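In what follows, a single structure is set out as structure tokens and then discussed.
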Amino acid sequence: MRGTSAFLERIFPALPELESFATGLEASRAEAAGRLVDGIRHLSALVEVSETVTQSFSLDHQLPRLIELITELLDAERATLFLHDPESGELFSRVAQGEGLTEIRVSDSDGIVGSVFGSGITEIIPDAYADTRFNREVDRRTGYRTRDLLSVPLRNQAGQVMGVTQVLNKRSGTFTEMDVALVEAINRQAANALNQARLIERLEQQQREERELLAITEAIATELHLDKLLARILKAATQLLNAERSTLFIYDPSKDELWSQVAEGMGKEQIRIPASAGIAGAAFTTGEVVNVPRAYADPRFNPEVDRVSGFRTRNLLNVPIVDRSGERLGVIQVLNKRGGSFTQGDIRRLKAFSADIAIAIQNARLFSDVLTLKNYNESILKSLSNGVVTLDQQLIIVKVNEAAQRILRIPSEAMIGHSAERVLGNLNAWVTRSLEYVVRMGATDYHADTDLLFSDGDSGAVNLTAAPVVDTEGKSIGYMLVFEDITREKRVRNTMTRYVAKEVVDQLVASGADVLQGSSLVATVLFSDIRRFAMLSETMTPRETVTMLNEYFAEMVEAIFIRGGMLDKYLGDGLMAIFGAPVEGSIDADNALLVATDMMRALRGFNARRAERELEPMEIGIGLATGEVLAGSVGPIKRMAYTVIGDNVNLAARLESANKYYGTAVLLAGSTVDSLKSRAVLRRLDLLQPRGLSRPSWVYESLGHHTAKTFPKLAKVIDEYEAGLDCYRRRDWQGGIAHFADALELAPQDRPSQIFLDRCRYYQADPPADEWNGVWIMEQK
């Protein structure tokens, strides 16, 4: 109670005179009573301090309660009791936050608290912001406003400063000498117990670290696979030093590089740097520990790694890994100590751990060398796309790779240990017969494009090689079956040859893509249809009709194949083609438009030959639309057909039909025009919304198939039509009438000009509503 007596002597310097005060004025009696009450309250607080520090030797219990008592006793807003950590050169405290505790740390030389710790002199700061040592940034971040503060050194029994008590913002008035005396009394009362708690905590921490290091060492000593070992080492190093990340660099003498296969937070991509580069390189080349408290202040640090990974490195500790012979094996690098910088204790622990790492790495390397020969053959088998089955001399299956299980559709456990006859002979007796030939003749047997039957009734296609396996002396030690799966290639060829040219099929097979599966892609769809086909066929016999269609389609399909298009299907007297599926190209829209032009030109030749036979000419309509479609094979396995579906398919069909209304031959959606890479002879025709589609589309007419004979004065007609269309869009009906009339004078047969001339006259007499946007709703199919 020596601290308590000293405190009472300071706050009651005139205790014998209390009697005279009591007999004095009423105000004096009230003042004396108040001082007496304060003294009793302060004395009670000291008693509670004594009880707090003796109840538990845990800093987690002592620090928050002492801070609470000091705040209450001094009628302040906040208080902090800092203890010194000599290993890190920091002052730390623990404060209650939510249901747990948060440790805060500051440098033992920064700010007012660092100054008081260094000088050992109590300071009352009446205006915090007037003191240059005060860090305003803390207030800015927290939103708190510090007005005044009191900092009192905390000393141990030997008089050495072991911490600082700091109190902020006196609620009533300013901090006084009585406040100083009270805090000093509390410090003296609590110092010994805090020091003991600190020593106990350090001892417990050392014991815990020793147990952790022992457990970690045992864990890595039992791991012989290098990749797993490295991952364990990193996890252990991060845990051991209470850090955020670790990286283990191994030295590669063949390239004089440090490499890391495993770096926490960086995925599994291998990292390689020159052995002398950066901070890790400095630790490796010098063989010394490199502790960097501020990474961005060190010129050896490469901030680009942080920029790429999104991680922020604050500090890092690098310890070289050295074996018993003194050879350097690499560097262990630990990043971002939680709650501060790396200390001498961290260095001591990591150096001890690095010795265990060296032993573990050497053991793992020896084990890896032993496994290399065994794993070599297995890795080759696993990497093969061909199925490999090995058999002993009794034709018992010994090993199968993953590809063989996939191709044969039989799991390894159903094959290994069983005879080839039992596994394969029931459904695929030709395989066992091939093996019997190899056994009898001692030569290789090969079967190309042979059907392989499965238990579910399905089938595949393979190329099979059966061969003997011999030792170094040429003696047979077993047999091997190699299955090359050509099912996909065969299916693609059988399916796609009906739709596209052989060159495209070869390209699909070579690409390895499974085009028959559903996929979303951008393509241009072409629809074509013969006009008045019913009337034409009525004058012909069925045989003549079929003959005519075959002649017509032969020319049209040839045009599609030449431009790399795919014939999707025949639609009676029409057809559907796709450009950009199954193989996308950069000029799919251009190819589709060129095909439309080629078809129209081919039609002229076709009609010329019909005229020679005194047959009526044929007319066709073509519609093109570009956009996203869903492509893939549809239907049962035996009747599967490759096709595309989607709104753009429907739009192309509607545009083909719209030719009948406009009196045109080739119509393009605006999306197709936008996709063109080369110039084309086009006319912007109308803003159209076909039936069944939710959005309008600009529609263009392709006129590139015309000649000066088939469409004289084409350029002038297009100019007049475009000018008229602009007037129409602006509601300039009279201007539109004039331009469309001029176009008709140049080309009386031009139906689009006649349609818009009629529309302008109609709207001139009966103007549309204000919300009219020029969209023409097409109700017909």
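Just the residues that are of a type in the set (S, T, N, Q) and either in contact with a Phe, Trp or Tyr (Cβ under 6 Å, 6 or more places away or on another chain) or over 19 Å from Asp719 (Cα atoms) (or both), please, taken from segment 661-690.
Of everything in segment 661-690, those that are of a type in the set (S, T, N, Q) and either in contact with a Phe, Trp or Tyr (Cβ under 6 Å, 6 or more places away or on another chain) or over 19 Å from Asp719 (Cα atoms) (or both) turn out to be Ser671, Thr672, Ser675, Ser678, Gln689.
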**Item:** Top-ranked residue in segment 123-168 [being among the hydroxyl-bearing types (Ser, Thr, Tyr) and buried (at least 19 other Cβ atoms within 10 Å of the Cβ); ranked as farthest from the chain's Cα centre (by Cα)]
**Value:** Ser151
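Out of Ala191, Ala197, report the one residue that is in a helix (DSSP H, G or I) and in contact (Cβ under 8 Å) with a residue 60 or more places away in the chain.
Ala197 is the lone residue from the list that is in a helix (DSSP H, G or I) and in contact (Cβ under 8 Å) with a residue 60 or more places away in the chain.
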**Request:** At least 3 residues that are modelled with pLDDT of 95 or more and of a type in the set (Ser, Thr, Tyr) in each: list the helices (runs of 4 or more DSSP H) lying fully within segment 702-781 that qualify.
**Result:** none
**Prompt:** So how many residues does segment 282-331 have that are of a type in the set (Val, Ile, Thr), within 21 Å of Ile361 (Cβ to Cβ) and open to solvent by 30 Å² or more (accessible area, probe 1.4 Å)?
**Reply:** 4
**Prompt:** Quick one: how many residues across segment 280-320 are among the small types (Gly, Ala, Ser), over 22 Å from Glu257 (Cβ atoms) and assigned to a loop (DSSP other than H, G, I, E, B)?
**Reply:** 1
**Message:** Of everything in segment 413-458, what is basic (Lys, Arg) and within 23 Å of Glu402 (Cβ to Cβ)? Give them in sequence order.
**Reply:** Arg422
**Item:** Unique match (being in a helix (DSSP H, G or I), at negative phi, modelled with pLDDT of 90 or more and open to solvent by less than 10 Å² (accessible area, probe 1.4 Å)) among Met600, Met556
**Value:** Met556
**Request:** Please specify each residue of segment 377-407 satisfying the condition of being of a type in the set (Val, Ile, Thr), under 18 Å from Leu435 (Cα atoms) and open to solvent by 40 Å² or more (accessible area, probe 1.4 Å).
**Result:** Ile396, Val398
**Prompt:** Assuming Ala631 fulfils every condition listed in (1) open to solvent by 10 Å² or more (accessible area, probe 1.4 Å); (2) part of a strand (DSSP E or B); (3) touching a Pro at 6+ places or on another chain (Cβ under 8 Å) apart from one, which condition is it?
**Reply:** (1)
**Asked** Residues in segment 735-781 that are polar (S, T, N, Q) and within 22 Å of Leu703 (Cα to Cα): how many?
**Response** 3
**Fill in**
Ala708 vs (1) aliphatic (A, V, I, L, M); (2) buried (at least 16 other Cβ atoms within 10 Å of the Cβ); (3) over 21 Å from Asn659 (Cα atoms): all pass except (2)
**Message:** Taking the criterion of being open to solvent by 50 Å² or more (accessible area, probe 1.4 Å) and within 49 Å of the chain's Cα centre (by Cα), would at least one residue in segment 654-671 satisfy it?
**Reply:** yes
**Message:** If Leu693 satisfies all but one of (1) part of a loop (DSSP other than H, G, I, E, B); (2) hydrophobic (A, V, I, L, M, F, W, C); (3) open to solvent by 60 Å² or more (accessible area, probe 1.4 Å), what's the number of the condition it fails?
**Reply:** (3)
**Complete:** Expected output for segment 156-177 (first residue free of Cβ contacts under 8 Å to residues at least 60 places away in the same chain, partner open to solvent by less than 20 Å² (accessible area, probe 1.4 Å) and in a loop (DSSP other than H, G, I, E, B), Cβ below 9 Å, 6+ apart or cross-chain) is Gly159/Gly120; Gln160/Gly120; Thr174/Asp148
**Item:** segment 63-93 - residue that is of a type in the set (S, T, N, Q) and in a strand (DSSP E or B) and, of those, least open to solvent (accessible area, probe 1.4 Å)
**Value:** Ser93
**Request:** Give the number of residues within segment 736-781 that are within 54 Å of the chain's Cα centre (by Cα) and under 21 Å from Leu655 (Cα atoms).
**Result:** 11
**Item:** The lone exception for Asn650 - which of (1) under 17 Å from Leu549 (Cα atoms); (2) open to solvent by 10 Å² or more (accessible area, probe 1.4 Å) it fails
**Value:** (1)
**Complete:** Scanning segment 442-453 for residues that are touching a helix residue (DSSP H, G or I) at 6+ places or on another chain (Cβ under 8 Å) and either open to solvent by less than 20 Å² (accessible area, probe 1.4 Å) or on the phi > 0 side of the Ramachandran plot (or both) gives Asp449, Leu452
**Prompt:** Does any residue of segment 335-350 turn out to be modelled with pLDDT of 85 or more, in contact with a Lys or Arg (Cβ under 8 Å, 6 or more places away or on another chain), open to solvent by less than 70 Å² (accessible area, probe 1.4 Å) and not basic (Lys, Arg)?
**Reply:** yes
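Can you work out which of the residues in segment 519-538 that are open to solvent by 60 Å² or more (accessible area, probe 1.4 Å) and either at pLDDT below 80 or assigned to a helix (DSSP H, G or I) (or both) is nearest to Asp573 (Cα to Cα)?
Of the residues in segment 519-538, the ones open to solvent by 60 Å² or more (accessible area, probe 1.4 Å) are 520, 522, 532, 534-535, 538.
Now narrow it down to the ones that are either at pLDDT below 80 or assigned to a helix (DSSP H, G or I) (or both): 534-535, 538.
Details: Ala534: 9, Met535: 12, Glu538: 14 Å.
Among those residues, the one meeting the criterion is Ala534.
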**Prompt:** If Gly580 satisfies every condition in (1) at negative phi; (2) buried (at least 17 other Cβ atoms within 10 Å of the Cβ) but one, which is the exception?
**Reply:** (1)
**Asked** Tell me, which residue of segment 386-405 that is in contact (Cβ under 8 Å) with a residue 40 or more places away in the chain and not β-branched (Val, Ile, Thr) is nearest to Lys475 (Cα to Cα)?
**Response** Gln393
**Item:** The listed residue being over 28 Å from Asp588 (Cβ atoms), open to solvent by less than 50 Å² (accessible area, probe 1.4 Å) and among the aromatic types (Phe, Trp, Tyr), out of Tyr700, Tyr728
**Value:** Tyr728
**Request:** Go through segment 373-489 and tell me which helices (runs of 4 or more DSSP H), entirely inside it, have 2 or more residues that are touching a Lys or Arg at 6+ places or on another chain (Cβ under 9 Å).
**Result:** 402-408
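The values are calculated or read from the model by the stated rules, or taken from the named source; none is laboratory data. Please read all numbers here as calculations on a predicted model, not as lab measurements. We place every Cβ from the backbone using ideal geometry, glycine too, and count neighbours over all the protein chains shown. With ligands, DNA and RNA removed, areas are computed over all heavy atoms of the protein, side chains included. Shrake-Rupley method; radii C 1.70, N 1.55, O 1.52, S 1.80 Å.
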